[in-house]
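Here the structure is laid out as structure tokens; the discussion comes afterwards.
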Amino acid sequence: MNNERATKLTILLGFNGTGKTTLLREVLLHSQQRALVVTPDDVEWTDFPENPLQTRSDYAFTGIQRHIFNPEYSLDAIAHFRKGILVFDDCRSYFQDRTDPKVRELLIRRRQREVDIFAVGHGFTQVPPVFFTFASDYILFKTVDNIDRRKDCIANNFDFIKQSQAFVNSKALKDPHFFRHIKNV
Amino acid sequence: MLTDSLVEDEVVNSDYNFADGDLSAFQSEFSQPKQDMGISDIPDDLEDEDVEQEQLAEVEDRAAMTRHARQTSKFVTHIVDSGAALGLSLISKNSVDSHKADSDDLKELERIFTEYFKETGGNIPLWAQLLICLTTIYGFQIPQALKDRKLNLERERLELERKKLELEKEEFKRLKEAELQRIKTQQKENDEQRKSN
């Protein structure tokens, strides 16, 4: 029996304090895969070792490590990461809307590199459009921005995702940690 | 709320694949092995460490410059935010905190400063950062300190004046009592003299 699965590209969205980082930590810890968390600065994920991704041996780690994004070389370095989970935390801080073609290639080649990807942001507009094009899953906490600005790149289920945003936001009035997982089939 | 129930109804009736507050399906799928592409953890397309030392040195230089730019931009953002908030609070008479930028705005400002410092190579030395920091923290308090000093001197002057008035009042009271005593004695002497006459 073949239990092998395709690699995932999960978009995890939520306003500050909704619990997205806590949830993500749980997923990473239970995944039994190694993970590289890319963060914009050195104040997040401080309980994991920092990895500069500058030598071959830097890629031989196990467990969870973090890489502080450096626009000078990080994209090239991350492209060499394989067999594990890649988390782009607060990705709006280092990816602009006009995303580098290297990011697109990274997303397309994730299957060959055996890499699952998480793109994390405060809202739909805080994750570059190219991620939505290839998304396999969404995890939505409360978000307050306008999903219509991503209408062009959310090819599947746009209306349902929009309804879900409204639903999650209404539930968040009572439970700020409420979330919905959507499989983007 | 009516709108809430409408939203809920629409979602419950949908055929989409989703779960609320539950990641077990996601995690169950996630725990399955990925398709094995026969690759190694360590990328083959990276050169050996000794070969790439020169390139690394260059990358490290650029990385160091970015780190400096980032550190400087953090510092400048903080100073700008504190200074602007203080200035605005002096105008509005609200608290300083009410004029501080939120974390998203600060991040954006910091990002732009980082790009600027990287572009210009601008790097404020630590001693200058310390000086600016001290000036911002204590320098802005000088006008308030001068105002407080004026008020305290005035308070001291008024206190001295009050004490002086207290003493004068005591003295006046004492003189008044002495005068009354003198008048009584005088009257008594007059009465006795009248009787003897």
Exactly one condition in (1) under 16 Å from the mean Cα position of the chain (by Cα); (2) surrounded by fewer than 20 Cβ atoms within 10 Å (Cβ to Cβ) is false for residue A:177; which is it?
(1)
List the number of the failed condition for residue A:71; all other conditions in (1) within 16 Å of residue A:116 (Cβ to Cβ); (2) surrounded by fewer than 19 Cβ atoms within 10 Å (Cβ to Cβ) hold.
(1)
Got at least one residue in the range A:29-37 being more than 9 Å from chain B (Cβ to nearest Cβ), more than 25 Å from residue B:39 (Cα to Cα) and modelled with pLDDT of 90 or more?
no
Only one of (1) in a strand (DSSP E or B); (2) within 30 Å of residue A:46 (Cβ to Cβ) is not met by residue A:71, so which one is it?
(1)
Return yes when residue B:10 is modelled with pLDDT of 80 or more and either surrounded by fewer than 16 Cβ atoms within 10 Å (Cβ to Cβ) or over 30 Å from residue B:141 (Cα atoms) (or both) and no when it is not.
no
Return a yes/no flag: does the range A:59-78 have any residue that is without any contact (Cβ under 8 Å) to a residue 12 or more places away in the chain, closer than 26 Å to residue B:104 by Cβ and not aromatic (Phe, Trp, Tyr).
yes
Being assigned by TED's automatic domain parsing to the domain that holds residue B:71, farther than 30 Å from residue A:91 by Cα and surrounded by 11 or more Cβ atoms within 10 Å (Cβ to Cβ) is the requirement here; does residue B:109 meet it?
no
Only one of these conditions is not met by residue B:164: (1) at pLDDT 95 or above; (2) within 30 Å of residue B:86 (Cβ to Cβ). Which number is it?
(2)
Can you go through A:98, A:104 and tell me which one is more than 14 Å from chain B (Cβ to nearest Cβ), surrounded by fewer than 20 Cβ atoms within 10 Å (Cβ to Cβ), part of a loop (DSSP other than H, G, I, E, B) and at pLDDT below 90?
A:98
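Table: residues versus (1) of a type in the set (Val, Ile, Thr); (2) farther than 24 Å from residue A:136 by Cα; (3) in contact (Cβ under 8 Å) with a residue 40 or more places away in the chain.
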site	(1), (2), (3)
A:17	no, yes, yes
A:20	no, no, yes
A:28	no, no, yes
A:36	no, no, yes
A:52	no, yes, no
Do we have residue A:41 as within 11 Å of another protein chain (Cβ to nearest Cβ), of a type in the set (D, E, K, R) and within 20 Å of residue A:68 (Cβ to Cβ) here?
yes
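Conditions tested, residue by residue: (1) buried (at least 21 other Cβ atoms within 10 Å of the Cβ); (2) under 16 Å from residue A:88 (Cβ atoms).
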| site | (1), (2) |
| --- | --- |
| A:12 | yes, yes |
| A:19 | no, no |
| A:30 | no, no |
| A:39 | yes, yes |
| A:48 | no, yes |
| A:58 | no, no |
| A:67 | yes, yes |
Please find, within the range B:119-151, the residue that is farthest from residue B:69 (Cα to Cα) out of those that are surrounded by 14 or more Cβ atoms within 10 Å (Cβ to Cβ) and either modelled with pLDDT of 80 or more or of a type in the set (Phe, Trp, Tyr) (or both).
B:140
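The values are calculated or read from the model by the stated rules, or taken from the named source; none is laboratory data. If you're wondering where the values come from, they're calculated on a predicted model, not measured in any experiment. All Cβ positions, even for glycine, are placed from backbone atoms using ideal geometry, and neighbour counts span all protein chains on display.
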